[in-house]
Amino acid sequence: MFITFEGPEGCGKSTHSKKLKSYLEGKGHKVLLTQEPGGTQVGKHIRSLLLNPESVLDETTEVYLFAADRSEHVSKVVLPALKEGKVVISDRYVDSTLAYQIGGRGLPEDLVRYINMVSSKGLIPDLTLLLDVSPEVGIKRAAQVGAADRFEKEKIQFHQKVRAKYLELAQNDPERIKVIKTDSRDIDKVQEKIRGIVETKL
Ligand code: TYD
C-alpha cells in the first residue's frame, strides 16, 4: 500500500504523516515514512539546491531536479519497501509536481505529466491525502517553523495557483485523492478523518 500526503505550504503534512505512521504501526503494519524531495542520499543534495533561496533556477531546470530526486527515491526507497510488504507513506510525490510546476510555475501540462511518468516509473499511489489549507493560514503556519525556503518566499498568488491546481486534481480523481481541510487548528479531528479514510482503503 502506497499512501502519499500532499498539500500547500503549512497544511500539516509532516505532523499528520508521522501520526499516521505511529497509528498504523500500532495496528501491526510495517511502515516506511519518507519524503520528496530528499528521500535518498543524492536526493538530499538535490533538495538543498531546490530549497535554497539563493538558487536561481529556470523552471525547466527545477522540474528536472524534482524528477531526478523522484527517480532515485522510487527505485531505491519506495519500490524496495513495497516489495517487502511495507506500507509506504511519502510526504509529497507526483501531485506536488503537477500542482507546483504546472499550477504554480505554469509549465505545460503534457511536459510535466510525461516527466512525472518517467521519473515515477509509472508508480501511482493507492491513496493520496490532500491536506487543503488557504495560503493565508498556511504561509503563517510555515513561517513559525523556521526560515522561509525558496517556495515559501513566493508571492501569495503563486500559492493560490498551487492550491487551485491541487483541488482540480482531486476533482478529476476523487477515487484516489481525498481532500481534508486543515484550516482549523484541530489536529486530532483531522487525524481522525485521515485514519478513517486509510482504514477504509486498507
Ligand atoms: P518541504 O520542506 O518538504 O516542504 P513542505 O514542508 O511544505 O512539504 O519542501 C518541499 C518544497 O518543494 C515545497 O515547497 C513543495 C516543493 N515541491 C515542488 O515544487 N515540486 C515537487 O515535485 C515536490 C516534490 C516539491
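The values are calculated or read from the model by the stated rules, or taken from the named source; none is laboratory data. These numbers come from a predicted model, not from an experiment. With ideal geometry, Cβ positions are generated from the backbone for all residues, glycine too; neighbour counts draw on all protein chains shown.
When only residues in the range 84-95 that are within 8 Å of the ligand (Cβ to nearest atom) and crowded, with 23+ Cβ neighbours inside 10 Å count, which is farthest from the chain's Cα centre (by Cα)?
Val94
List every residue pair whose Cβ atoms sit under 6 Å apart, with the two residues 6 or more apart in sequence or on different chains, where the first one lies in the range 22-40 and is more than 15 Å from Pro80 (Cα to Cα) and of a type in the set (Phe, Trp, Tyr) and the second, anywhere, is more than 13 Å from the ligand (Cβ to nearest atom) and assigned to a helix (DSSP H, G or I).
The qualifying pairs are Tyr23/Arg195.
Here are Leu65, Leu57: which of them is more than 10 Å from the ligand (Cβ to nearest atom) and among the aliphatic types (A, V, I, L, M)?
Within the list Leu65, Leu57, the selection yields Leu57.
Does at least one position in the range 51-72 carry a residue that is over 23 Å from Arg105 (Cβ atoms) and modelled with pLDDT of 95 or more? Please lay out each step first, then the result.
Step one: filter the range 51-72 for residues over 23 Å from Arg105 (Cβ atoms), giving none.
No, every residue in the range 51-72 fails to be over 23 Å from Arg105 (Cβ atoms) and modelled with pLDDT of 95 or more.
Looking only at the range 39-62, which residues are in contact with a Ser or Thr (Cβ under 8 Å, 6 or more places away or on another chain) and under 14 Å from Arg92 (Cα atoms)? Explain how you work it out, then say what you get.
Step one: filter the range 39-62 for residues in contact with a Ser or Thr (Cβ under 8 Å, 6 or more places away or on another chain), giving 39, 49.
Gly39, the sole residue that qualifies.
Show the residue pairs that are 6+ apart or on different chains and have beta-carbon atoms under 7 Å apart, the first residue being within the range 118-144 and without any contact (Cβ under 8 Å) to a residue 40 or more places away in the chain and at positive phi, the second being part of a loop (DSSP other than H, G, I, E, B) and small (Gly, Ala, Ser).
none
Let's see how each residue does on (1) among the aliphatic types (A, V, I, L, M); (2) part of a helix (DSSP H, G or I); (3) surrounded by 17 or more Cβ atoms within 10 Å (Cβ to Cβ); (4) under 17 Å from the mean Cα position of the chain (by Cα):
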| position | (1), (2), (3), (4) |
| --- | --- |
| Lys44 | no, yes, no, yes |
| Leu50 | yes, yes, yes, yes |
| His73 | no, yes, yes, yes |
| Val78 | yes, yes, yes, yes |
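Residues of the range 104-113 being within 14 Å of the ligand (Cβ to nearest atom) and either more than 23 Å from Phe151 (Cβ to Cβ) or not small (Gly, Ala, Ser) (or both), which ones? Spell out the reasoning first.
At the first step, the residues of the range 104-113 found to be within 14 Å of the ligand (Cβ to nearest atom) are 104-107, 111-113.
Correct list: Arg105, Leu107, Leu111, Val112, Arg113.
Answer with yes or no whether Ala142 is aliphatic (A, V, I, L, M), in a helix (DSSP H, G or I) and within 17 Å of Leu50 (Cβ to Cβ).
yes
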